Amino acid sequence: MSGAAHLRAPTAIRRWHEIAAARDGAGLDELIAADATFYSPIVHTPQRGKGAVKLYLNAALATFGGEHFHYVSEWFGPESAALEFMTRIDEIEIDGVDLIGWNESGKIVSFKVMIRPLKAIQIVHQKMGAMLATMQQQQQ
């Protein structure tokens, strides 16, 4: 996305872009609402609560956030956005969409990730599973 497009983005999305570009989840604590929910393309049940959302987004930053990751399109509503992205993991091209909702305080309350094709889902399942296991072990 161009710099001009980011300037027009709502505050929550601009803040998310800064975190994603830095590949550093340090700013997530201020950005994620206490009652936020993460919807994974792999995990059946929604992951509820700030801690769970931060865990999944940090794992995604580590897994997806390589040199190939970039947003290609964005659509904004009053309290939600759709951000289309592309990346590559182990030579598998991944197309995806982040659906992000925020509250009146500008904190993210909903983060849903959808990806395609099937090979992409399989590699994300493998890599995110390994990253989440590593991160959970480090927290213990």
Q. For the chain, what is the mean residue ellipticity at 222 nm derived from helices alone (per DSSP H run of n ≥ 4: -39500 (n - 2.57); sum divided by total residues; nearest 500 deg cm²/dmol)?
A. -13000 deg cm²/dmol
Q: Would you mind telling me which residue in Asp98, Asp29, Asp90 has the biggest mean-square fluctuation in a Gaussian network model of the chain, where springs connect alpha carbons within a distance under 10 angstrom?
A: Asp90
Q) What spacing in nm lies between the two simple spin-label points modelled at Glu93 and Ala130, each 7 Å away from Cα in the Cβ direction? A) 2.4
Q) For region 1-117, what's the relative contact order in percent, using C-alpha pairs closer than 8 Å and at least 6 residues apart? A) 25
Q.
As a test, work out the antiparallel percent of DSSP beta bridges whose residues both lie in region 3-139, rounded to the nearest 5.
A. 85
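Assign unit charges at the C-beta atoms only (+1 for Lys and Arg, -1 for Asp and Glu), then state the dipole size of the chain relative to its Cα centre in Debye, rounded to the nearest 20.
220
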Q | region 13-43-region 94-140 distance, computed between alpha-carbon centres (Å) | A | 10
Q: Sort Arg88, Arg48, Arg15 so the one with the fewest other Cβ atoms within 10 Å of its own Cβ comes first.
A: Arg48, Arg88, Arg15
Q: Sticking with the crude label model, points 7 Å out along Cα→Cβ, report the distance from Glu67 to Ala21 in nm, one decimal please.
A: 1.9
Q) Along region 24-31, what does the Karplus equation 6.51 cos²θ - 1.76 cosθ + 1.60 (θ = phi - 60°) give for ³J(HN,Hα), rounded to whole Hz, x for Gly and Pro? A) 9, x, 4, x, 5, 4, 7, 8
Q: Provide the gained length on full extension for the span Glu79 to Asn103, in nm with one decimal, where the gain is 0.36 nm per separating residue minus the Cα-Cα distance.
A: 8.0 nm
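Values in this text are rule-based calculations from the coordinates and carry no lab data. These figures come from a predicted structure and were not determined experimentally. For neighbour counting, all protein chains shown are included, and Cβ atoms are generated from backbone atoms with ideal geometry for every residue, glycine included.
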